[in-house]
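Step one of this worksheet: look at the structure below.
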Amino acid sequence: MERILEPELMGDEAQAAAYAEADFIQVNQGFVDRFRACFPTAVGGAMVDLGCGPGDIPVRFARALPDFTVTAIDGSEPMIALARQAVKAAGVEGRVHPRRARLPMLPLPLQSFDAVVSNSLLHHMPDPYLFWNEVVRLGKPGAAVLIMDLLRPESPERAREIVEHYSGNEAPVLKDDFFNSLCAAFTLREIRSQVRSRGLSGFACEPGSDRHWIVWGRLPRSVLKGPPP
């Protein structure tokens, strides 16, 4: 099926709360574990999480890799409010800094991060190159990059099957959001094309599960830090 765009931001408080209460433990911990497996020598420095949502992933990174300081970015005010609560509850305020900001051209210094991570932000972007350009702009040469998002199924019917299989017991608002996100996601072929076009042909692009893709690698020294193509 063709890609169907969804809203860039999750601005509704009830929608954000449903997302925060959903069971993403396995996926989120798996994302952190994948980073550690892909980059065993990346144990500290400055990390930026693009699209941090309610803050579970940056909190998990702070616990797993305590020598990292994480800047957690999201454009949604309800999400950032939930992230601040999660950070405080976890007692990691000194190492995780939630910040409301919106791509592109985040108000962050050029090439200032040793690691750039993002889970489930790209499908919200009408223009995916704005996302990849931000990854390139923010990461230092050699920075560890791990990006994960949903795979777009071949049909709306298949999308509904995935929703019912993985979120059948979740709130209706969350199930609708999951369906819309699957329809707005990219195929692995599209992701590979985006990565190559942005000068990141050395990155691995691979399936992460039956509903996710994963891109990972280290930023090259010569990649252009200019506007998207």
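The values are calculated or read from the model by the stated rules, or taken from the named source; none is laboratory data. As the structure is a computational prediction, the values presented were derived from the model and not from experiment. When we count neighbours, we look across all protein chains shown, and the Cβ atoms used for this are built from the backbone with ideal geometry, even at glycine. Note: areas computed on protein heavy atoms with side chains; ligands, DNA, RNA excluded. Shrake-Rupley method; radii C 1.70, N 1.55, O 1.52, S 1.80 Å.
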Exposed GluC sites (Glu not before Pro) being those in a DSSP loop with at most 16 other Cβ atoms within 10 Å, the longest stretch of the chain free of them is 9-92
Mean accessible area per residue over the stretch 1-54 (1.4 angstrom probe, all protein chains present, square angstrom) is 53
Counting as exposed only trypsin sites (Lys or Arg not before Pro) in DSSP loop states with no more than 15 other Cβ atoms inside 10 Å, the longest exposed-site-free span of the chain is 103-220
Counting only DSSP beta bridges fully inside the chain, the antiparallel percentage to nearest 5 is 35
The extension gain from Ile25 to Val173, computed as 0.36 nm times the residue separation minus the Cα-Cα distance, is 51.4 nm
Farthest towards the positive end of the dipole of the chain, among Gly168, Ala46, Pro141 and with Cβ unit charges of +1 on Lys and Arg and -1 on Asp and Glu, lies the Cα of Pro141
Farthest towards the positive end of the dipole of the chain, among Val96, Ile25, Leu122 and with Cβ unit charges of +1 on Lys and Arg and -1 on Asp and Glu, lies the Cα of Val96
The farthest towards the positive end of the charge dipole of the chain, of the residues Ile4, Pro78, Ala62, given +1 on Cβ of Lys and Arg and -1 on Cβ of Asp and Glu, is Ala62
Under the 7 Å Cα-to-Cβ spin-label approximation, Ala64 and Asp210 lie apart by a distance in nanometres of 2.4
Measuring from its Cα centre, the chain shows a charge dipole (+1 at each Lys and Arg Cβ, -1 at each Asp and Glu Cβ) which, in debye to the nearest 20, is 1160
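Expressed as a whole percentage, what fraction of the accessible surface of the chain belongs to carbon and sulfur atoms when a 1.4 Å probe is rolled over the protein heavy atoms?
Heavy-atom surface of the chain belonging to carbon and sulfur, 1.4 Å probe: 51 percent.
Using the heavy atoms of the protein chains and a 1.4 angstrom probe, tell me the accessible area per residue for the stretch 78-229 in square angstrom.
Dividing the accessible area of the stretch 78-229 by its residue count gives 45 Å².
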